[in-house]
1. Filter segment 152-187 down to the residues that are touching a helix residue (DSSP H, G or I) at 6+ places or on another chain (Cβ under 8 Å), outside any strand (DSSP E or B), modelled with pLDDT of 95 or more and open to solvent by less than 20 Å² (accessible area, probe 1.4 Å) and list them by number.
2. Residue pairs, Cβ under 9 Å, 6 or more apart or interchain, first in segment 32-53 and at pLDDT below 85, second among the charged types (D, E, K, R). List them.
3. Between Ala131, Ala121, which is open to solvent by less than 20 Å² (accessible area, probe 1.4 Å) and assigned to a helix (DSSP H, G or I)?
4. Any residue at all in segment 106-126 that is in contact with a Leu (Cβ under 9 Å, 6 or more places away or on another chain), of a type in the set (S, T, N, Q) and within 28 Å of Ala49 (Cα to Cα)?
5. Out of all the residues in segment 165-190, which are in contact (Cβ under 8 Å) with a residue 40 or more places away in the chain and closer than 18 Å to Ala119 by Cα?
Amino acid sequence: MSRGWPVRLNAGDVTVRPLASSDARAWRDARRRNAAWLIPWDATVPPGAESRPSTFGSLVRRLHKQARAGTTYPFAIEVDGQFAGQVTVNNIVRGSAQFASVGYWIDQRYAGRGVMPRAVAMVIDHCFGEAGLHRIEIAIRPENSNSLRVVEKLGLREVGYAPKFLHIDGAWRDHRIYAVTAEECPEGLLARLESQQSHE
């Protein structure tokens, strides 16, 4: 297995662990139930590009192959043991960069409860710790206020604006780019988040 994978992480009632074939029913139910809420933010395949896996099983197999190669870490999010969404570490680059990007989505019924900031904080802490990465980026559409609140709560810096950065909901979309390095959070993002919440 690749460095830092597989792993299971916990903070209170929130767990992140490898996405599994056994998540199929819960994943499909969540995606169906939240379709209208998620479609505006979902990555799509531009014309002429290689198509995506057509089934959940083939998606998981592809992601696990990438995880074994050390280029992707696909995490499921659970709240009190129930499937609640995903956090995926993508585009892991080793060598002199030690870089990756993070994307995420959550079932709307768990939104607004602090689940996603905790899940993303745990994943980034793991990336900086056991996985040995140095810099994490998160790209967010300017209109996606829910995702923007996550990086705001985590205290990530906005480092740039990328016009027509990703193919989302059928077109090339602009994104705001946020980033954090290991030096910026030596105590860990989860500890920083929990400290902020205790003072609110």
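1. Leu154
2. Arg52/Arg62; Pro53/Arg61; Pro53/Arg62
3. Values: Ala131 fails: assigned to a helix (DSSP H, G or I).
Exactly one of Ala131, Ala121 is open to solvent by less than 20 Å² (accessible area, probe 1.4 Å) and assigned to a helix (DSSP H, G or I), namely Ala121.
4. no
5. Those that are in contact (Cβ under 8 Å) with a residue 40 or more places away in the chain and closer than 18 Å to Ala119 by Cα: Tyr178, Ala179, Val180, Thr181, Ala182, Cys185, Gly188, Leu189, Leu190.
The values are calculated or read from the model by the stated rules, or taken from the named source; none is laboratory data. All values derive from a computational prediction rather than experimental measurement. Note that we place each Cβ from the backbone using ideal geometry, even for glycine, and neighbour counts take in every protein chain shown. Surface areas here come from the heavy atoms of the whole protein model, side chains and all, with no ligands, DNA or RNA. Shrake-Rupley method; radii C 1.70, N 1.55, O 1.52, S 1.80 Å.
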